[in-house]
Every structure is written in structure tokens, then in C-alpha cells.
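First up is the structure itself, then whatever we jot down about it.
The values are calculated or read from the model by the stated rules, or taken from the named source; none is laboratory data. These figures come from a predicted structure and were not determined experimentally. Cβ placement follows ideal geometry from the backbone for every residue including glycine, while neighbour counts extend to all protein chains displayed.
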Amino acid sequence: MKTKREMADLGLVCIGGSQGGFEALEKLLPQLPADYPCAVVVLLHQYRHGAGNLPELLSTRTAMPVKAVHDRDPVIPGHLFVAPANYHLLLERHHAFALNTDAPVQYARPSIDVLFESAAHVYGPRTTGVLLSGASIDGASGLKQIKAVGGLVACQHPDTASGKVMPQAGIDTTTVDKVGSPQELGQWLKQLHP
Amino acid sequence: MNPAEVEDIEVRLFLEAIHRRYGYDLRDYAPASIRRRVLLALAKSGHAHLGQLQHEVLTCPPFFAHLLEDLTVRVSEMFRDPSFYRAFRTQVVPVLRTYPLLKIWHTGCATGEEVYGTAIVLTEEGLYERAQIYATDLSPQALAQAKEGTYSSEVVKTFTENYQRGGGTGNFAAYYTEAYGGVAMNEALRRNVSFFQHNLVSDHAFGEMHVIFCRNVLIYFGNDLRERVLNTLSQSLCAGGFLCLGASERLGRLGESLAFSDFISEERIYRHEN
């Protein structure tokens, strides 16, 4: 059993995407082994009512255990967490998720910027942010904040994305540690925590 | 100590200052969300840091009144989570029909969207005449807006779609009139609604409710405060009363200790056993 301190030290991987993001995840997630040690948070912009089955869909693409996030759920290493529709998703210092219904950011709720900024604040240099395909600039500012606290950031190569705006905005906004196809990003995440 | 930890201290001191000066206690709000609200208010104020903002808050009550709105206002929509309203109509309403009088409390009703939603459901189910709806919020400004019941044309599109998905049996457009580039909800919908100021954090229970709507309110509270408020809510329900939470909220272990049972667990509708 790991101590709370050790659990926290593993850090947090946050992956955001919008249009085309699900297709990218279908290629990225299979690269992560069943015993991937970090907590991974997936946030996709989704229809306000639809996509309630996103956790089920994603669980067919990953060997990691998948959980839909509810208010106050603990952040457990080795699990893949899926942001619920129509809430912003944030992190608390005591390794728990927080939700709110504040106004949309960049027309989005959940907003990738809100998640990334909150993760950067709590996990600091142990935050990893990945921005996938999407047609909005949500996430770029959050990526910059992760970088500012010494975390690692990556973007899907726009040539491999059906929504090029989002990953390109990330690349234009900050110095990105890795740009690659979804498979390459998956491999990159894997070797960060061998 | 890293800059993030220093910022946490600044936010805590800021909330402490508000409490000491004005009595509003935001210290036990969920840290992640209140921090974000405080930082947005700081950006809006144009001040360079929280120390400056704190000085203006302490010395200028009108400024604080506006800031309090920004820190506490709840954003909602009519018939948010349509599947909840379908379940409410098909499974809660039949129970409510068995009561001669209905007392319904909307806590944290903000600008009233969900109150009008409930009024529409009760109207269509033939229960409105026997219902008394209490709509409360911390914010006088939000309550004034709720009483007025006017909403922008843009959000009405969402409300209409939600209404239809949520099992609405009529024509949503019949519940409002066009007014000043927006819409005004029909007067008849608030005939049995009492709006008044109530602070869930510090005020007492008030009693014998058949239904309490507290949807996406508790998510803003820290663990201890949430437990305290749930205690107040459970004391405000009659035996067999319903508590409705938001789609991604769960009572968890508190449900048992406060004598709640799952009524429709996937829609977060709980029943008080008392």
C-alpha cells in the first residue's frame, strides 16, 4: 500500500479534447498498460445531454479501470477518470475531484482550461497536460499554466487531428514538450512512468 | 513553500476578512471553486493582488455587495438534466398526488430558472393549485431577478429543448411572453411561489417540506459545511419527503446516517425515512 504522499507524488495526467478527440483517444489509450501508475483524467467537450455513456465507450479502449467522476470522488492512482457533462471539473488539495456549474469558459462546460489550471495549482510540476483534436481554443491557456508551474505538456500533431484549431492553439501558446500522433502521445505518456 | 501554497493562504485570509467584516462565511466553501471565483473577481477588479482587493472589500461596502454576487451566484437553467424531470414526473408525482397540500422548497434558487420549471411540471400534472413553493437564495439581487422571471432569448432555446426532452406535455412557448428582447415567464406560474432570502450556511431549517430541490448547490460547499447543510435539509423534510440533488452529486455514506434511502438512485432522488 502506498502512502498518501507517494500517491500524490505520482502526479496527474490530464487529457482534453473536443471535435475528433474521441477518435484520438481510441488510438492513444490502448498504449497505456493496465498497471499505468498515474491517475489519468479525460475531458471531452460533449453534448449537454448525450455522451452519458462516454465512460463505457472508453472502457472498451483501455486496460485501465475507468470511472465516471462524481462530486468529491477521490483521485486514485492507476485509474482513468472521465469528466461528466455540463459541469466544470477541478481538483482539491486532498486528492479529490470537485465539480461546479459556473458559466461556460470558451463556450465549454466542462472546460479544459478550468481543469488544466486547477490541476496545475494542486499538482504543480507533477501535472501532465495533453491537448487533442478540437475546433476551439479551450485548453491552450490551461496548457500554458501547467508549463508555468513546471509540468509537462503535449499536443496532438495538427496533421493527425480532424480539429486542428485546438492542438495548434496549444502549440502556439506555449513551449510544448511533445507533438505527435495519438499513438505517439500514448507511448510518450507510457515512458514518463515506466 | 511554493507560490500555489502562498496563494492558498492569501485566498483563506481574504475569505476570513469577508467573514470578520460582513459576517458572510465563505471559509468552508469547496476550496477549488471558491478559489477560482476569487481569482476571477480579482481579474475583474483590475487590482494587482488579493491584498489590494481585500482593502477595497474591507473599506467599501457597496463594492463588497457586488463582489459577493460574483463569489456566490449560482448558474442554472430550466429543466437542466431532462432525464431527472422525466423521472420526477413519472415516479415522484404519483406519490405527491396522494397529499392534499404540497410544500416544496427550492434552496439556492438563484435567478429562478428551476423554480419556474417545477411550477410548469406541477401545472401540467394538475398539482399546482395545492402547492406552495418556497424559493430561497442568499442573494437579494438573484431573488429580485427570480421574482421578475425574465430570461434572454438565447437561453430560452435551451430551456425549450430541455422541456421537450424532460417530458413536457404542452407547448413551452405558452408559458412566457416575449418582452424586451427576452421573455417574461407567466405571472400564473409564480402565484403560489414565495421568494425570500435564506442562507443555507447559517439559517435554520424550516419545516415539513414534501420535496426539497437542492440541485448543484452542495457541490460548492466543503465537506463539513455540506454535512451541516444536509442535516438542516433532512430536518426540513416531512416523513417520506423527497430530496433531489444534481446529476453528478451523491449522498454517499451521509445518506444512511441522515435516514435517506435511494428512491431513484440514477437521478439522485432520495427519500427521507424519518
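In summary, B:Tyr22 fulfils each of the numbered conditions (1) surrounded by fewer than 17 Cβ atoms within 10 Å (Cβ to Cβ); (2) without any contact (Cβ under 8 Å) to a residue 40 or more places away in the chain; (3) more than 13 Å from every other protein chain (Cβ to nearest Cβ) with the single exception of condition (2).
Does B:Val95 qualify as being within 14 Å of chain A (Cβ to nearest Cβ) and of a type in the set (Val, Ile, Thr)? Can you show your working first?
On the way: within 14 Å of chain A (Cβ to nearest Cβ): no; of a type in the set (Val, Ile, Thr): yes.
The answer is no for B:Val95.
Scanning the range B:213-270 for residues that are assigned to a strand (DSSP E or B), within 19 Å of A:Leu99 (Cβ to Cβ) and among the hydrophobic types (A, V, I, L, M, F, W, C) gives B:Phe213, B:Phe221, B:Leu243, B:Cys244, B:Ile269. Among the residues of the range B:114-128, is there at least one that is within 14 Å of another protein chain (Cβ to nearest Cβ), crowded, with 22+ Cβ neighbours inside 10 Å and of a type outside the set (D, E, K, R)? No: the range B:114-128 contains no residue that is within 14 Å of another protein chain (Cβ to nearest Cβ), crowded, with 22+ Cβ neighbours inside 10 Å and of a type outside the set (D, E, K, R).
Taken together, B:Ser261, B:Ser234, B:Ser265 contain a single residue that is more than 30 Å from B:Asp70 (Cβ to Cβ), within 14 Å of chain A (Cβ to nearest Cβ) and polar (S, T, N, Q), which is B:Ser265. Within the range B:44-94, the residues that satisfy the criterion of being of a type in the set (A, V, I, L, M, F, W, C) and loosely packed, with under 15 Cβ neighbours inside 10 Å are B:Ala48, B:Cys60, B:Phe63, B:Ala65.
Please work out if B:Val229 is in contact with a Leu (Cβ under 8 Å, 6 or more places away or on another chain) and touching a residue at least 60 places away in the same chain (Cβ under 8 Å).
When the stated conditions are applied, B:Val229 does not pass them.
Among the residues making up the range A:60-78, a single one is more than 14 Å from chain B (Cβ to nearest Cβ), modelled with pLDDT of 95 or more and over 20 Å from A:Leu192 (Cα atoms): A:Val66.
Within the range B:57-86, residues that are at the interface with another protein chain (Cβ under 10 Å from one of its Cβ atoms) have Cβ atoms under 8 Å from residues that are crowded, with 21+ Cβ neighbours inside 10 Å and among the basic types (Lys, Arg) in these pairs: B:Ser76/B:Arg215; B:Arg80/B:Arg215; B:Asp81/B:Arg215, counting only partners at least 6 apart in sequence or on another chain. For the list (1) of a type in the set (Ser, Thr, Tyr); (2) closer than 22 Å to B:Leu233 by Cβ; (3) in contact with a helix residue (DSSP H, G or I) (Cβ under 7 Å, 6 or more places away or on another chain), I need the number of the one condition that B:Tyr99 fails. Of everything listed in (1) of a type in the set (Ser, Thr, Tyr); (2) closer than 22 Å to B:Leu233 by Cβ; (3) in contact with a helix residue (DSSP H, G or I) (Cβ under 7 Å, 6 or more places away or on another chain), B:Tyr99 misses just condition (3). Whether any residue in the range A:31-50 is of a type outside the set (Asp, Glu), in a helix (DSSP H, G or I) and on the phi < 0 side of the Ramachandran plot is what I want to check. So far as the range A:31-50 goes, yes, one or more of its residues are of a type outside the set (Asp, Glu), in a helix (DSSP H, G or I) and on the phi < 0 side of the Ramachandran plot.
Among residues of the range A:79-105 being of a type in the set (Phe, Trp, Tyr) and closer than 15 Å to B:Ser33 by Cβ, the one that is farthest from the other protein chains (Cβ to nearest Cβ) is A:Phe97.
Scan the range A:106-135 for residues that are of a type in the set (D, E, K, R), within 11 Å of chain B (Cβ to nearest Cβ) and over 19 Å from B:Asp70 (Cα atoms) and the total you get is 2. The residues of the range A:143-184 that are among the hydrophobic types (A, V, I, L, M, F, W, C) and either more than 11 Å from A:Gly129 (Cα to Cα) or free of Cβ contacts under 8 Å to residues at least 12 places away in the same chain (or both), listed by number, are A:Ala148, A:Val149, A:Ala161, A:Val165, A:Met166, A:Ala169, A:Ile171, A:Val179. Please go through the range B:189-203 and give me each residue that is at pLDDT below 95 and outside any loop (DSSP other than H, G, I, E, B), ordered by number. Of everything in the range B:189-203, those that are at pLDDT below 95 and outside any loop (DSSP other than H, G, I, E, B) turn out to be B:Phe196, B:Gln197.
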